[in-house]
Amino acid sequence: MGIRDGNTRKLSDRVIIRELKENELGEAEMIVHLAFGTFLHIPDAIQNPAEKRLLTHRWRRNPEDIIAAELDGKLVGTNVVTRWGSFAFFGPLTVRPEFWDSGIASRMMESTMGIFEKWGVTHTGLFTFADSPKHLGLYHKFGYHARFLTSIMTKEIDRSDRPITNQKFITFSECGTKGKEKYLEECRELTAGLYPGLDLSSEISLVDDYKLGDTLMLLEDSKLSSFATCQNGPNTEAGKDKCFVKFGAARRDSRSGERFENLILACQSFSRMRGASSLEAGVNLSHSSAFDLMLKHGFRTTFLGVAMQKPNAPAFNLEENYIMDDWR
Ligand SMILES: CC(C)(COP(=O)(O)OP(=O)(O)OC[C@H]1O[C@@H](n2cnc3c(N)ncnc32)[C@H](O)[C@@H]1OP(=O)(O)O)[C@@H](O)C(=O)NCCC(=O)NCCS
């Protein structure tokens, strides 16, 4: 890329890629809001940055998960890497708008690819704007292929006393240490049935450790049949008045559809218990039966993006899997 300073060196060559520092967290969150707001033409994107925290808790859990780009002593961009066992994804990846198109994201991508390689994961992905030639081009350069669209779906939650469902679930937070170990193992076993080595333990523990929401678990004959890791409220990835499913799935077998519906109902009940006015969940359209069930339960698409994957293969994005997930 071509932007050069007054002298000779390409701007991207002057960029230092390193871990984010604690005293940069506020600024990093602001850059995320500013970058998306600028791209999406949202004038007040940084008006209310305290509502959502997309980096802070992940940094607290492990600073190595946030890649920072520094130019002349100033923070100019970040990227977040997340590992779910044998699968990893990245995002949000953002750069200060005044430095776009100078190769800074590409430098962070090189570092991201190095981390994925070190982790030895078998599949990686990202979620991006399906209609942006720049985004598709940038990620393609690093071996990512656009596959199915992912529909970000929302349902308003009726806050009246009328019960949504008598679907019973237990929450991860209410289990003692032994119970947590047992259910982490059961969640691992359930997700390994969707894709070998897929493991949501770190996501479940993140939400539990920092009280960002909870993981709902539905049991059949005391065996885990489905679970969903949800965040809710201000200073989480959900935001004020919102509940958001980071990952939810039903055990894979001939009754997955029925179990997925129960999970949808449980997520709605949980949203209401937490006082949220809306529930958001992403569904990759490869899971067409799961998508149909979301529509049946009153969810509507509010935003469409595309899953880009490396290698160019489905991994767990298969018709027979009933999954809600969000790689943002
Ligand atoms: C997306 C974003 C991170 C990119 O950052 P950046 O520093 O401008 O990106 P870079 O300069 O490193 O790379 C741009 C690449 O876009 C690609 N590109 C741009 N226009 C393109 C086009 N029309 N067709 C194909 N590729 C194109 C090129 O591959 C270019 O790389 P090159 O310089 O090697 O040719 C930045 O624009 C941003 O913060 N946007 C708002 C937030 C956002 O959308 N984040 C990503 C969400 S998935």
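The values are calculated or read from the model by the stated rules, or taken from the named source; none is laboratory data. Please read these numbers as outputs of a predicted model, since none were measured by experiment. Note that we place each Cβ from the backbone using ideal geometry, even for glycine, and neighbour counts take in every protein chain shown.
Looking at G77, G125, G179, G114 in this structure, which one is near the ligand (Cβ under 10 Å from one of its atoms) and not in a loop (DSSP other than H, G, I, E, B)?
Details: G125 fails: near the ligand (Cβ under 10 Å from one of its atoms); G179 fails: near the ligand (Cβ under 10 Å from one of its atoms); G114 fails: near the ligand (Cβ under 10 Å from one of its atoms).
None of the others qualify; the one that does is G77.
Here is a list: A105, A68, A35. Which entry is touching a residue at least 40 places away in the same chain (Cβ under 8 Å), within 12 Å of the ligand (Cβ to nearest atom) and touching a strand residue (DSSP E or B) at 6+ places or on another chain (Cβ under 7 Å)?
Result of the check over A105, A68, A35: A35.
Just give me the residues in segment 230-252 being free of Cβ contacts under 8 Å to residues at least 40 places away in the same chain and closer than 27 Å to L318 by Cα, in sequence order. First the steps, then the outcome.
Here is the first cut: in segment 230-252, the ones free of Cβ contacts under 8 Å to residues at least 40 places away in the same chain are 231, 241-242.
Answer for segment 230-252, where residues must be free of Cβ contacts under 8 Å to residues at least 40 places away in the same chain and closer than 27 Å to L318 by Cα: just Q231.
For segment 81-114, which positions are under 14 Å from K310 (Cβ atoms) and touching a helix residue (DSSP H, G or I) at 6+ places or on another chain (Cβ under 8 Å)?
V81, A88, F90, M109
How about segment 136-163: which of its residues are more than 14 Å from the ligand (Cβ to nearest atom), modelled with pLDDT of 95 or more and either among the hydroxyl-bearing types (S, T, Y) or at positive phi (or both)?
Of everything in segment 136-163, those that are more than 14 Å from the ligand (Cβ to nearest atom), modelled with pLDDT of 95 or more and either among the hydroxyl-bearing types (S, T, Y) or at positive phi (or both) turn out to be S151, T154.
Within segment 80-102, track down each residue that is near the ligand (Cβ under 9 Å from one of its atoms) and assigned to a helix (DSSP H, G or I). Even if it seems obvious, please write down each step before you answer.
Keep residues of segment 80-102 that are near the ligand (Cβ under 9 Å from one of its atoms), which gives 90-97, 99-102.
Within segment 80-102, P97, F99 qualify.
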